[in-house]
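The values are calculated or read from the model by the stated rules, or taken from the named source; none is laboratory data. Note that this is a predicted model, so its numbers are computed, not measured. Note that we place each Cβ from the backbone using ideal geometry, even for glycine, and neighbour counts take in every protein chain shown. In case anyone asks, the SASA skips ligands and DNA or RNA and just uses the protein heavy atoms, side chains included. Shrake-Rupley method; radii C 1.70, N 1.55, O 1.52, S 1.80 Å.
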Amino acid sequence: GNSVTQMEGPVTLSEEAFLTINCTYTATGYPSLFWYVQYPGEGLQLLLKATKADDKGSNKGFEATYRKETTSFHLEKGSVQVSDSAVYFCALSNNNNDMRFGAGTRLTVKP
Amino acid sequence: DVKVTQSSRYLVKRTGEKVFLECVQDMDHENMFWYRQDPGLGLRLIYFSYDVKMKEKGDIPEGYSVSREKKERFSLILESASTNQTSMYLCASSWGKETQYFGPGTRLLVL
């Protein structure tokens, strides 16, 4: 079946550090891949997505590339800010309309 | 902008009570979803619906039921609340396998 495995947290970084959160997936066919972010006290919101192999999703300085050969969709940001502190979820969606989420990675950025 | 609203942000109920959680979306999305979110477990799908009066079980439907009488509204029902149903409940909606849009969540405490 479809599943997503993401890096366990929590992750604590200093402001302006480089961020990588690893995500790998298992799926049949050609899923779409997503990163969602959840700020404290809020629901999830889409951060970025990619719908086919080699696509790069990007938003707010975050990037992730859909790598079919390694079944990965790692999230990166070159210089994190305190305001990036949140929980990040990797997810995939396939033909049957439901979405599979990773367990979430809590990021804390310290000034 | 898509808006998904949930009837309550916080609820406190007693064991054995019947609990209704309501979700409304304003973008004419065909799909609607109920998840629960627990620390370390990510999001787990309870039920989803791809059309009015249609419903499908997710990964953890036991102890829950749903109702979708109108396209914009999807209700989650706990027939007899138990303490192990204390959780954050998230509603989402989408077109097909595209981006899901989430409500702010309802934090339910069952005493």
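Tabulated data for the structure shown
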| read-out | value |
| --- | --- |
| Given (1) crowded, with 16+ Cβ neighbours inside 10 Å; (2) within 13 Å of chain A (Cβ to nearest Cβ); (3) part of a strand (DSSP E or B), number of the condition B:L76 does not satisfy | (2) |
| Odd one out for B:G42 among (1) farther than 14 Å from B:F102 by Cα; (2) surrounded by 14 or more Cβ atoms within 10 Å (Cβ to Cβ); (3) more than 8 Å from chain A (Cβ to nearest Cβ) | (3) |
| Where A:N94 falls short, out of the listed (1) surrounded by 17 or more Cβ atoms within 10 Å (Cβ to Cβ); (2) under 14 Å from the mean Cα position of the chain (by Cα); (3) polar (S, T, N, Q); (4) over 25 Å from B:R9 (Cβ atoms) | (2) |
| Segment A:6-20, subset over 18 Å from A:A64 (Cα atoms) and assigned to a loop (DSSP other than H, G, I, E, B), residue least open to solvent (accessible area, probe 1.4 Å) | A:G9 |
| Only one of A:S72, A:S79, A:S83, A:S3 that is small (G, A, S), within 15 Å of the chain's Cα centre (by Cα) and away from chain B (no Cβ under 14 Å) | A:S72 |
| Flag for A:L92 being in contact with a strand residue (DSSP E or B) (Cβ under 8 Å, 6 or more places away or on another chain) and modelled with pLDDT under 95 | yes |
| A:A103 open to solvent by 10 Å² or more (accessible area, probe 1.4 Å), under 14 Å from the mean Cα position of the chain (by Cα) and closer than 28 Å to B:K57 by Cβ | yes |
| Residue within segment A:30-49 that is surrounded by 13 or more Cβ atoms within 10 Å (Cβ to Cβ) and farther than 22 Å from B:Q37 by Cβ present | no |
| Some residue of segment B:4-13 being within 23 Å of A:V87 (Cα to Cα), open to solvent by 80 Å² or more (accessible area, probe 1.4 Å) and touching a residue at least 12 places away in the same chain (Cβ under 8 Å) | yes |
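Every residue, every condition in (1) touching a residue at least 24 places away in the same chain (Cβ under 8 Å); (2) in contact with a strand residue (DSSP E or B) (Cβ under 6 Å, 6 or more places away or on another chain), yes or no:
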residue: A:G41; (1), (2): no, no
residue: A:T51; (1), (2): no, yes
residue: A:D55; (1), (2): no, no
residue: A:T65; (1), (2): no, yes
residue: A:E76; (1), (2): yes, yes
residue: A:S79; (1), (2): yes, no
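Residues are listed down the side, and each one gets a yes or a no for (1) within 24 Å of A:V87 (Cα to Cα); (2) surrounded by fewer than 20 Cβ atoms within 10 Å (Cβ to Cβ); (3) more than 11 Å from chain A (Cβ to nearest Cβ):
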residue: B:D59; (1), (2), (3): yes, yes, no
residue: B:G63; (1), (2), (3): no, yes, yes
residue: B:R68; (1), (2), (3): no, no, yes
residue: B:A81; (1), (2), (3): no, no, yes
residue: B:C91; (1), (2), (3): yes, no, no
residue: B:K97; (1), (2), (3): yes, yes, no
